[in-house]
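Comments concern the structure below.
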Amino acid sequence: MTNLCFQRELRLVTPDQYKRVFDNPVKASSPNLTILARSSELDNIRLGLVVPKKVLKRAVDRNRIKRLTRNYFRLNQHTLPKLDYVVIAKGKIGELTNVDIVNLLEKLCTVISRRSRK
């Protein structure tokens, strides 16, 4: 049976881990979301989230974006390329519905997957 947990070792935690992804990423972007990715040192994906207060003022909105993103990566961790991902919220992402956000994540992860194979 496939394990769908999203434990601490599947998250980018330290500033050095984030910096490594920011240094030389594969990038996919939209007006509301940017995903940066870089090859992972481990045999699984890791996720880091950047949801600034400047973009979403209310904590409930920031937490919704983080929850949806973590859930997407948790459910798709076995089909995505083994990379370190940083998801950055921007623009008016708070105005999108949950379904729109998940569809946007799907689209951008497909682009990252295609670009990382090159």
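The values are calculated or read from the model by the stated rules, or taken from the named source; none is laboratory data. Values in this document were obtained by computation on a predicted structure and should not be read as measured data. Cβ atoms come from the backbone with ideal geometry, glycine included; neighbour counts cover every protein chain shown.
Residues checked against (1) within 18 Å of Cys109 (Cα to Cα); (2) of a type in the set (D, E, K, R); (3) touching a strand residue (DSSP E or B) at 6+ places or on another chain (Cβ under 7 Å):
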| residue | (1), (2), (3) |
| --- | --- |
| Phe22 | yes, no, yes |
| Leu49 | yes, no, yes |
| Lys54 | no, yes, no |
| Asn71 | yes, no, no |
| Asp84 | yes, yes, yes |
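Scanning the range 60-118 for residues that are among the acidic types (Asp, Glu) and either within 21 Å of Asp43 (Cβ to Cβ) or without any contact (Cβ under 8 Å) to a residue 12 or more places away in the chain (or both) returns Asp84, Glu95, Asp100.
Is it true that Ala59 is more than 13 Å from the chain's Cα centre (by Cα) and modelled with pLDDT of 90 or more? I'd like the intermediate steps shown before the answer.
Values: more than 13 Å from the chain's Cα centre (by Cα): yes; modelled with pLDDT of 90 or more: yes.
So Ala59 fits the description; yes.
For the range 14-26, the tally of residues that are under 17 Å from Leu49 (Cβ atoms) and either of a type outside the set (Lys, Arg) or without any contact (Cβ under 8 Å) to a residue 24 or more places away in the chain (or both) stands at 9. Scanning the range 15-32 for residues that are surrounded by 15 or more Cβ atoms within 10 Å (Cβ to Cβ), touching a Gly at 6+ places or on another chain (Cβ under 8 Å) and of a type outside the set (S, T, N, Q) yields a total of 2. Would you mind stating whether Leu42 is exposed (fewer than 13 other Cβ atoms within 10 Å of the Cβ), modelled with pLDDT under 95, part of a loop (DSSP other than H, G, I, E, B) and aliphatic (A, V, I, L, M)? The answer is yes for Leu42. What number goes with the only condition from (1) in a helix (DSSP H, G or I); (2) in contact (Cβ under 8 Å) with a residue 60 or more places away in the chain that Ala37 does not pass? Unmet for Ala37, out of (1) in a helix (DSSP H, G or I); (2) in contact (Cβ under 8 Å) with a residue 60 or more places away in the chain: (1).
Condition test on Tyr72, is it closer than 13 Å to Leu12 by Cβ, surrounded by 14 or more Cβ atoms within 10 Å (Cβ to Cβ), within 11 Å of the chain's Cα centre (by Cα) and not charged (D, E, K, R)? So Tyr72 fails the test.
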